[in-house]
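Report on one structure; see the data block that follows.
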Amino acid sequence: MTHSFRPGRRTTRLSTALSATLAAILPGVAMAEVSPQDVWDQWQSYMSGFGYEMTASPVAEGRNLRIPTFSMTMPMPAAPEADAPAGEITLTMGEIGLIDRGDGSVGIEMPARMPIILSGEGTEEDDFSIKATLTTEGYSTIATGTPEDISYGLSAVRIGMTVDEFTGKKGPVATPGTVAMTMEGAKGTSRLGTVAGSTTIEQSFDLVKLIYTVDITNPQPDKPGHFKASGTIDGLSSTGRGVLPDGFDPANLSAALDAGYLVDGAMRYVSGQGQTEFEDPEQSFKIATSSEGGTFRVAMSSAGLAYDVLSRNLTLNLESSEMPFPVATSMTAFGLGVDVPVSATEEAQPFNASLTLTDLVVPEMIWMMADPTNSLPHDPLTAEVDLSGKGRLFVDLTDEAAMSQLGKTGGNPGEVDSLSIDSFVLKAAGATIDASADFAIDNEAVSVFNPAMPAIAGTADLRLTGVMGLINKLGQMGLIPGPQAMMTAGMIQQLGKIESGPDDVSAKIELSQEGAVTINGNALPLR
């Protein structure tokens, strides 16, 4: 026997009110639903924002969508002075399926082995085509959220890419060897949303290991040569975010920045190593590198451009037919950082830059050439600099036409109002220089030392340890003229303030806008 329940009007109203209340207070649960069509619509909108034209045609299969051939085209970049694009670049991939999972989410499915073609069509010299194969193992991508805010969760045991054929002006050439990349233990998320007419992007991605292999031989018999490169990166992780404003034009980055364009990405890795070899009848070289982790970041917005890279505990081994001996070296850290404005403004904007080169081991073979009598301490070299300041740009650095014009006329893109050496450390051959400085720059006045430069005023603090001893040794070795070495060491001793010993001195240098220079209060005539 079956029983049925037929709700009355009061029960129906209560149910409707309860549903509305739950939808209001739990929108992520009650309304989080996305369809295959929603995913496809977002892909089209997103790609068109970068200038791509989606040329694929999906086929409906019930609630699912199947894209037999996924393809998109974008204009090929041209020179700034050109009136039209140089041609088109087209990306074509195999079948992709957007599968309704029945729970408000969509699975993105593709075959375990998929062909990919990247082709360019422009002038006869520019035409090319690259055929590759994408392979996956244990691959899964699931889209969740709402049509206006979709998150994609990806995982894969392994993702591989191989290049199979290249077609250029001399026709198709099968890859004469191996060009491959493999990602193991891939996991990540990507979120695309729409806020106030702009597309927002948030991404994170982790890899257990990245492996790359290149092993090719020149297929032309009259130009024999063999190139080989391989390496691994362990524990790779990355994060990124961005804002893509409506009407974004990649060819007009200045306007995009004004409209809110933003990109900010960072990457970290635990360790890495690689080898590169090349050989032909005329020359050969081998390079092997390794590191124990590092970081990389690049960001751009209307606030400026930031770039920062740092690697730790690097080793380098180099052999070349152009060098008389192999080189083996290492360093504790190598880094480079830049944070500068990119847009023209009337107000001065901050900037900074840094260089890190810590404990660079100079190979003994080089020391034998520079110091055959072993007179100098063969200590590792360190050079570390941190700069900051304020300045203004006269033109946008992202305006290619304006920058090209400045290159032709020799114009200046901007000016600096102030400059600080926040830290300067130089260590070599048993000597150390520590310094810091602050300078104000008057661009309306002319320097008394050089009429082509603005007037500069400020102070600098120096600490010199072991410098006089190094200068004397260099003079004895003939690397510096003897009288010049004696005079320089004598001036340091006379003007410097002794700290912990006779070869440890400090100096406070003051420069006035009128050109007067004092060292520890003593006037130094320069004119």
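The values are calculated or read from the model by the stated rules, or taken from the named source; none is laboratory data. Being a predicted model, the structure only gives us computed values, none of them experimental. Quick reminder, even Gly has a Cβ in these numbers, built from the backbone with ideal geometry, and neighbours come from all protein chains shown. Accessible surface areas use protein heavy atoms only, side chains included; no ligands, DNA or RNA. Shrake-Rupley method; radii C 1.70, N 1.55, O 1.52, S 1.80 Å.
For the subset of segment 489-527 comprising residues that are small (G, A, S) and part of a helix (DSSP H, G or I), which member is farthest from S436 (Cα to Cα)? The selected residue is G490.
When the residues of segment 470-527 are filtered to those that are closer than 22 Å to V425 by Cα and among the charged types (D, E, K, R), the one that is least open to solvent (accessible area, probe 1.4 Å) is D504.
Looking across segment 110-128, the residues that are within 27 Å of the chain's Cα centre (by Cα) and either closer than 15 Å to E184 by Cα or open to solvent by less than 50 Å² (accessible area, probe 1.4 Å) (or both) come down to I116, S119, G120.
Selection within segment 172-201: residues that are modelled with pLDDT under 85 and among the small types (G, A, S). The member of this set that is most open to solvent (accessible area, probe 1.4 Å) is A196. A single entry from S418, S423 fulfils the requirement of being of a type in the set (S, T, Y), assigned to a strand (DSSP E or B) and in contact with an Asp or Glu (Cβ under 7 Å, 6 or more places away or on another chain): S423. The residues in segment 232-268 that are at positive phi and in contact with a strand residue (DSSP E or B) (Cβ under 9 Å, 6 or more places away or on another chain) can be counted, and the count is 2.
Being polar (S, T, N, Q), within 30 Å of V327 (Cα to Cα) and open to solvent by 50 Å² or more (accessible area, probe 1.4 Å) holds for only one residue in T373, T382, and it is T373. Against the conditions (1) more than 30 Å from D371 (Cα to Cα); (2) at pLDDT 90 or above, A452 satisfies every one except (2). The set of residues in segment 89-109 being over 30 Å from D127 (Cβ atoms), touching a strand residue (DSSP E or B) at 6+ places or on another chain (Cβ under 6 Å) and open to solvent by 40 Å² or more (accessible area, probe 1.4 Å) consists of I99, R101, E109. I'd like to check something: does segment 320-329 contain any residue that is acidic (D, E) and closer than 27 Å to L419 by Cβ? Scanning segment 320-329 turns up no residue that is acidic (D, E) and closer than 27 Å to L419 by Cβ.
Restricting to segment 436-465, name every residue that is more than 21 Å from Q513 (Cα to Cα) and open to solvent by less than 40 Å² (accessible area, probe 1.4 Å).
Answer for segment 436-465, where residues must be more than 21 Å from Q513 (Cα to Cα) and open to solvent by less than 40 Å² (accessible area, probe 1.4 Å): just L464.
Could you check segment 418-449 and list, in sequence order, the residues that are modelled with pLDDT of 95 or more and either aromatic (F, W, Y) or over 35 Å from the mean Cα position of the chain (by Cα) (or both)? The answer is F424, F439. Considered as a group, the residues in segment 310-332 that are of a type in the set (A, V, I, L, M, F, W, C) and part of a strand (DSSP E or B) include one that is surrounded by the most Cβ atoms within 10 Å (Cβ to Cβ), and that residue is M331. Considering only residues in segment 283-309 that are in a strand (DSSP E or B) and within 27 Å of W367 (Cβ to Cβ), the one that is most open to solvent (accessible area, probe 1.4 Å) turns out to be K286. Please verify whether segment 202-209 includes one or more residues that are part of a strand (DSSP E or B) and open to solvent by less than 50 Å² (accessible area, probe 1.4 Å). Among the residues of segment 202-209, at least one is part of a strand (DSSP E or B) and open to solvent by less than 50 Å² (accessible area, probe 1.4 Å), which makes the answer yes. Taking segment 343-366 as the range and being closer than 20 Å to D386 by Cα, aliphatic (A, V, I, L, M) and either assigned to a strand (DSSP E or B) or in contact with a helix residue (DSSP H, G or I) (Cβ under 9 Å, 6 or more places away or on another chain) (or both) as the test, the residues that pass are A353, L355, L357, L360.
Residues in segment 303-328 that are touching a strand residue (DSSP E or B) at 6+ places or on another chain (Cβ under 6 Å), of a type in the set (D, E, K, R) and more than 16 Å from T356 (Cα to Cα): E319 only.
Looking only at residues in segment 130-150 that are in contact (Cβ under 8 Å) with a residue 40 or more places away in the chain, out of contact with any helix residue (DSSP H, G or I) (no Cβ under 9 Å at 6 or more places or on another chain) and under 26 Å from T182 (Cβ atoms), the one that is surrounded by the most Cβ atoms within 10 Å (Cβ to Cβ) is L134.
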